[in-house]
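Peer 1: The structure's right below; bear with me while I get my questions together.
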Amino acid sequence: MKSFCFVVLFIFISGFTQCSANQIDRQNEDRIVFQKENDNIENEFEEFADEFEAEEKTSDPFASYNRAMTRFNDGMYEYVLKPVAKRYDQAVSLQVQESIRNFFNNIYFPVRFVNNLLQGKFSHTAQETQRFFINSTMGILGFFDPAKNYFKIEAHEEDFGQTLGFYGIKSGPHIVLPLLGPSNLRDTISLYPDALLSPLDYTERSYPTLTDTWAEFISAKSLEEINRISLDMENYEKMKKDAVDLYPYLKDAYEQYRKKQIEE
Amino acid sequence: MRGLYKKFLLFFLVAFMAQNAAANEQVQLQNRFLKKIDEVVLIVEDKKLSKDIRNRNIVKALTPMFDFELMAKLSLGNVWKELSSKDAKKFVDLYVERMKNSYSAKIDAYEGEKVQIKKIEQPKSDRIAFVTDLTGKENRLEIVYKFYRPKIKISGKDEWLIYDVEILGVSILKTDRAQFREFLQTKSINELMDVLAKQL
């Protein structure tokens, strides 16, 4: 009981003394607050610096090539792909566009299956398999996505770049690829094993693929790309509006996005 | 022995209260955040308003929750400290304006989408992050709102303020830092401000 009274008394006294101290200092309040605010900004600035400066020292040996390729890609987008995609968008209804996207997503199942498996994500592998069977049958060759819409089974995007990242392989220098856009050494090399798993191909394979010749391959890929651009046009435009300098902006956004994908 | 028991009791009481206070803080902030989202959704869905007025109202509703000024300073990194006070003020004004425009344009597109908090992280006592899902008809977008609590409350602002937003793992502030840094390696701060002014 004694100690309790002491605590109450202590709180009361400290509150009281603070009150009177405040009264005494009232004349100087403005000056003190101003100084405190300045100190505060300085301190907070330092605190945040730790959070943001840790990952910022990356080397960029291909910077001048990358800049040129970013300009080329952006030009291609503005003057070739966007006008074509706009025409396509006027001719093809949104529902059909979404079905075409579903179809392409569905046939890339082997890529997602193998990479989920390689990362030991067994439940995701099982879910991807379920999705493929449901969408290929009930979803009529993958044109619809009943797996997600009715069975609530989400897709689990994984590619070989993510698999390498999962096992601790660093991204390496940033490389901007013609037409494909931002990438890095790890992800560029990973395109090859993923292409082997893709049913869209033009080389001689021991297993059946959807395309056999260059012409078929290019047509299918073009349809996929134009369809994708038509659906995503707004997003790229919106992103571009925030860019002061397009190359470092896209580079940083890509590397952050991939890092997040790998962590998941 | 009794003294020791009392000390233990006091220690646990303090620890419990501290933990409780932290949980309380999170709940309070969560409520305020969700209320704010509802407020913004009402504005977005109000078809009677013109687009300009709608965007202005969105910005007005969100401003007390964002520390755009801190974001402006952080976006420049160490360059910020070297600016003259005139340039510093001009830069902050431009950046804040750009941020407001960019954010209201983005949020305006999200009609009929739902925001759900799926995880709350508190890495430090004065930092809270809300990991949210923005669910639309077609896709789901993970957006992280990062809050901090200024040591002295800023007048006209909330107690907890957003200093960064991550969309699908991409931090707005980090991309700005990256592009401003590279821009300033070859060009001056005045040129940067000219580009920002043109974007408005």
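Peer 1: Condition test on A:SER198, is it hydroxyl-bearing (Ser, Thr, Tyr) and either out of contact with any strand residue (DSSP E or B) (no Cβ under 8 Å at 6 or more places or on another chain) or open to solvent by less than 20 Å² (accessible area, probe 1.4 Å) (or both)?
Peer 2: On the way: hydroxyl-bearing (Ser, Thr, Tyr): yes; either out of contact with any strand residue (DSSP E or B) (no Cβ under 8 Å at 6 or more places or on another chain) or open to solvent by less than 20 Å² (accessible area, probe 1.4 Å) (or both): yes.
Yes: the conditions hold for A:SER198.
Peer 1: Looking at the stretch B:168-179, which of the residues that are out of contact with any strand residue (DSSP E or B) (no Cβ under 7 Å at 6 or more places or on another chain) and not in a loop (DSSP other than H, G, I, E, B) is farthest from the other protein chains (Cβ to nearest Cβ)?
Peer 2: Just the residues of the stretch B:168-179 that are out of contact with any strand residue (DSSP E or B) (no Cβ under 7 Å at 6 or more places or on another chain), to begin with: B:169-170, B:174-179.
Restricting the remaining residues to those that are not in a loop (DSSP other than H, G, I, E, B) gives B:170, B:174-179.
Details: B:VAL170: 5, B:LYS174: 6, B:THR175: 5, B:ASP176: 8, B:ARG177: 6, B:ALA178: 4, B:GLN179: 4 Å.
Among them, the one singled out is B:ASP176.
Peer 1: Considering every residue within the stretch A:221-243, establish whether at least one is open to solvent by 30 Å² or more (accessible area, probe 1.4 Å), free of Cβ contacts under 8 Å to residues at least 40 places away in the same chain and in a loop (DSSP other than H, G, I, E, B).
Peer 2: No, every residue in the stretch A:221-243 fails to be open to solvent by 30 Å² or more (accessible area, probe 1.4 Å), free of Cβ contacts under 8 Å to residues at least 40 places away in the same chain and in a loop (DSSP other than H, G, I, E, B).
Peer 1: Would you please name the residue that is nearest to the other protein chains (Cβ to nearest Cβ), looking only at residues in the stretch B:180-200 that are part of a loop (DSSP other than H, G, I, E, B) and modelled with pLDDT of 90 or more? Spell out how you get there, then give the answer.
Peer 2: Initially, the stretch B:180-200 is screened for residues part of a loop (DSSP other than H, G, I, E, B), giving B:187-188, B:200.
From what is left, the residues that are modelled with pLDDT of 90 or more are B:187-188.
Working: B:LYS187: 9, B:SER188: 13 Å.
Filtering the stretch B:180-200 for residues that are part of a loop (DSSP other than H, G, I, E, B) and modelled with pLDDT of 90 or more, the one nearest to the other protein chains (Cβ to nearest Cβ) comes out as B:LYS187.
Peer 1: Could you run through the stretch A:150-170 and say how many residues are surrounded by fewer than 20 Cβ atoms within 10 Å (Cβ to Cβ) and out of contact with any His (no Cβ under 7 Å at 6 or more places or on another chain)? Talk me through it step by step, then tell me what you get.
Peer 2: Looking only at the stretch A:150-170, we keep the residues that are surrounded by fewer than 20 Cβ atoms within 10 Å (Cβ to Cβ), and these are A:150-157, A:166-170.
Imposing the further condition that a residue be out of contact with any His (no Cβ under 7 Å at 6 or more places or on another chain) reduces the set to A:150-155, A:157, A:166-170.
Selection size over the stretch A:150-170: 12.
Peer 1: Looking for whichever is of a type in the set (Phe, Trp, Tyr) and buried (at least 20 other Cβ atoms within 10 Å of the Cβ) here; the options are A:PHE133, A:PHE109. Which one fits?
Peer 2: Details: A:PHE133 fails: buried (at least 20 other Cβ atoms within 10 Å of the Cβ).
So the residue among A:PHE133, A:PHE109 that is of a type in the set (Phe, Trp, Tyr) and buried (at least 20 other Cβ atoms within 10 Å of the Cβ) is A:PHE109.
Peer 1: Has the stretch B:19-31 got any residue that is part of a helix (DSSP H, G or I), under 15 Å from the mean Cα position of the chain (by Cα) and surrounded by 13 or more Cβ atoms within 10 Å (Cβ to Cβ)?
Peer 2: Going through the stretch B:19-31, the residues part of a helix (DSSP H, G or I) turn out to be B:19-31.
Filter once more, keeping what is under 15 Å from the mean Cα position of the chain (by Cα): B:29-30.
With the extra rule that they be surrounded by 13 or more Cβ atoms within 10 Å (Cβ to Cβ), the set shrinks to B:29-30.
There is at least one residue in the stretch B:19-31 that is part of a helix (DSSP H, G or I), under 15 Å from the mean Cα position of the chain (by Cα) and surrounded by 13 or more Cβ atoms within 10 Å (Cβ to Cβ).
Peer 1: Follow-up question, since we're still on this one. Quick check: anything in the stretch B:159-167 surrounded by fewer than 16 Cβ atoms within 10 Å (Cβ to Cβ) and either away from chain A (no Cβ under 11 Å) or not in a loop (DSSP other than H, G, I, E, B) (or both)?
Peer 2: Quick first cut of the stretch B:159-167, residues surrounded by fewer than 16 Cβ atoms within 10 Å (Cβ to Cβ) only: B:159.
Restricting the remaining residues to those that are either away from chain A (no Cβ under 11 Å) or not in a loop (DSSP other than H, G, I, E, B) (or both) gives B:159.
Yes - at least one qualifying residue is present in the stretch B:159-167.
Peer 1: Could you please let me know if A:ALA147 is buried (at least 17 other Cβ atoms within 10 Å of the Cβ) and more than 17 Å from the chain's Cα centre (by Cα)? Lay out the reasoning, then the answer.
Peer 2: Values: buried (at least 17 other Cβ atoms within 10 Å of the Cβ): yes; more than 17 Å from the chain's Cα centre (by Cα): yes.
In short, yes.
Peer 1: Sticking with this structure for a sec: Quick one: is A:ASN235 in contact with a Lys or Arg (Cβ under 7 Å, 6 or more places away or on another chain) and either within 14 Å of chain B (Cβ to nearest Cβ) or more than 30 Å from B:TYR95 (Cα to Cα) (or both)? Spell out the reasoning first.
Peer 2: Numbers: in contact with a Lys or Arg (Cβ under 7 Å, 6 or more places away or on another chain): no; either within 14 Å of chain B (Cβ to nearest Cβ) or more than 30 Å from B:TYR95 (Cα to Cα) (or both): yes.
No, not satisfied.
Peer 1: Now for a separate question. Let me confirm something: among A:THR211, A:THR188, A:THR203, A:THR163, which residue is away from every other protein chain (no Cβ under 12 Å) and touching a strand residue (DSSP E or B) at 6+ places or on another chain (Cβ under 6 Å)?
Peer 2: Of the residues listed, the single one that is away from every other protein chain (no Cβ under 12 Å) and touching a strand residue (DSSP E or B) at 6+ places or on another chain (Cβ under 6 Å) is A:THR188.
Peer 1: Here's a follow-up. So in the stretch A:85-104, with the set limited to residues that are more than 14 Å from chain B (Cβ to nearest Cβ) and out of contact with any helix residue (DSSP H, G or I) (no Cβ under 6 Å at 6 or more places or on another chain), which one is most open to solvent (accessible area, probe 1.4 Å)?
Peer 2: It comes out as A:ARG87.
Peer 1: Are any residues in the stretch B:39-71 closer than 24 Å to B:LYS174 by Cα and either open to solvent by 60 Å² or more (accessible area, probe 1.4 Å) or touching a Leu at 6+ places or on another chain (Cβ under 8 Å) (or both), and if so, which ones?
Peer 2: B:MET65, B:PHE66, B:ASP67, B:GLU69, B:LEU70, B:MET71 - these are the residues of the stretch B:39-71 that are closer than 24 Å to B:LYS174 by Cα and either open to solvent by 60 Å² or more (accessible area, probe 1.4 Å) or touching a Leu at 6+ places or on another chain (Cβ under 8 Å) (or both).
Peer 1: Of the residues in the stretch B:70-103, how many are more than 9 Å from chain A (Cβ to nearest Cβ) and more than 18 Å from B:GLN179 (Cβ to Cβ)? Spell out how you get there, then give the answer.
Peer 2: So the first thing to find is which residues in the stretch B:70-103 are more than 9 Å from chain A (Cβ to nearest Cβ), and the list is B:71-72, B:75-76, B:79, B:82-97, B:99-100, B:103.
Now drop any that are not more than 18 Å from B:GLN179 (Cβ to Cβ), which leaves B:82, B:84-90, B:93, B:100.
Selection size over the stretch B:70-103: 10.
Peer 1: Specify the residue that is most open to solvent (accessible area, probe 1.4 Å); the eligible residues are those in the stretch B:139-158 that are among the basic types (Lys, Arg) and in a strand (DSSP E or B).
Peer 2: Narrowing the stretch B:139-158 to residues among the basic types (Lys, Arg): B:140, B:146, B:149, B:151, B:153, B:157.
Applying the additional criterion that residues be in a strand (DSSP E or B) yields B:140, B:146.
Values: B:ARG140: 117, B:LYS146: 37 Å².
Looking at residues that are among the basic types (Lys, Arg) and in a strand (DSSP E or B), I get B:ARG140.
Peer 1: Please verify whether A:ALA63 is surrounded by 13 or more Cβ atoms within 10 Å (Cβ to Cβ) and at pLDDT 95 or above, treating the condition exactly as stated.
Peer 2: Numbers: surrounded by 13 or more Cβ atoms within 10 Å (Cβ to Cβ): yes; at pLDDT 95 or above: no.
No: the conditions fail for A:ALA63.
Peer 1: Got a sec? Which of B:ILE162, B:ILE154 is hydrophobic (A, V, I, L, M, F, W, C) and at pLDDT 90 or above?
Peer 2: Answer to the selection: B:ILE162.
Peer 1: Quick one: is A:ASP245 of a type outside the set (A, V, I, L, M), under 15 Å from the mean Cα position of the chain (by Cα) and within 14 Å of another protein chain (Cβ to nearest Cβ)? Can you show your working first?
Peer 2: On the way: of a type outside the set (A, V, I, L, M): yes; under 15 Å from the mean Cα position of the chain (by Cα): no; within 14 Å of another protein chain (Cβ to nearest Cβ): yes.
Considered against the rule, which asks whether it is of a type outside the set (A, V, I, L, M), under 15 Å from the mean Cα position of the chain (by Cα) and within 14 Å of another protein chain (Cβ to nearest Cβ), A:ASP245 comes out as no.
The values are calculated or read from the model by the stated rules, or taken from the named source; none is laboratory data. Computed from a predicted structure; not experimentally measured. Note that each Cβ is placed from the backbone with ideal geometry, even for glycine, and that neighbours are counted across all protein chains shown. Accessible surface is based on the protein model in full, side chains and every heavy atom, while ligands, DNA and RNA are left aside. Shrake-Rupley method; radii C 1.70, N 1.55, O 1.52, S 1.80 Å.
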